[in-house]
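Trainee: Before we start, here is the structure in question, set down as structure tokens.
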Amino acid sequence: MIVRVSEAHVRDGLADEFLMLLRELVASFPEQYDGLLRHDVLVDLADPSRVQYVSEWADDAALVAYAGTDWRTQPVTFPDEERFLRRPLELRHFASTPVGGAAAH
């Protein structure tokens, strides 16, 4: 599994509108994209202008279907998103590893 984190730094006064548009956009993703296992929109409690869209994908193929062949470097955006952002989206990917089982040495 691959966890994809896209982080936005939203301009002052635009966080509510940005969150509304983001939530509307991603609400239908589970029906649209096979291999999307879960997703969340997260707002930083210490800095509400910092918003993350976190999604967990079954494999590389699912991410290609969602974000294209450049999924490792190119964020998925919505129309006119740049007007909300103080800087370009930050994109990271993580391998999901099981918790429990054999003890670490």
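Trainee: For the condition surrounded by 14 or more Cβ atoms within 10 Å (Cβ to Cβ) and of a type in the set (Asp, Glu), what is the one hit in Glu7, Glu31, Glu17?
Mentor: Being surrounded by 14 or more Cβ atoms within 10 Å (Cβ to Cβ) and of a type in the set (Asp, Glu) holds for just one of Glu7, Glu31, Glu17, which is Glu7.
Trainee: Show me the helices (runs of 4 or more DSSP H) found entirely inside region 1-74 where at least 1 residues are of a type in the set (D, E, K, R), out of contact with any helix residue (DSSP H, G or I) (no Cβ under 9 Å at 6 or more places or on another chain) and closer than 25 Å to Thr97 by Cβ.
Mentor: 60-67
Trainee: Here's something else I'd like to know. Could you say whether any residue in region 79-91 is surrounded by 14 or more Cβ atoms within 10 Å (Cβ to Cβ), modelled with pLDDT of 95 or more and more than 13 Å from Val5 (Cα to Cα)?
Mentor: Yes, region 79-91 has at least one match.
The values are calculated or read from the model by the stated rules, or taken from the named source; none is laboratory data. This is a predicted model, so every value here is computed, not measured. No Cβ is skipped: glycine too gets one built from the backbone with ideal geometry, and neighbour counts run over all protein chains shown.
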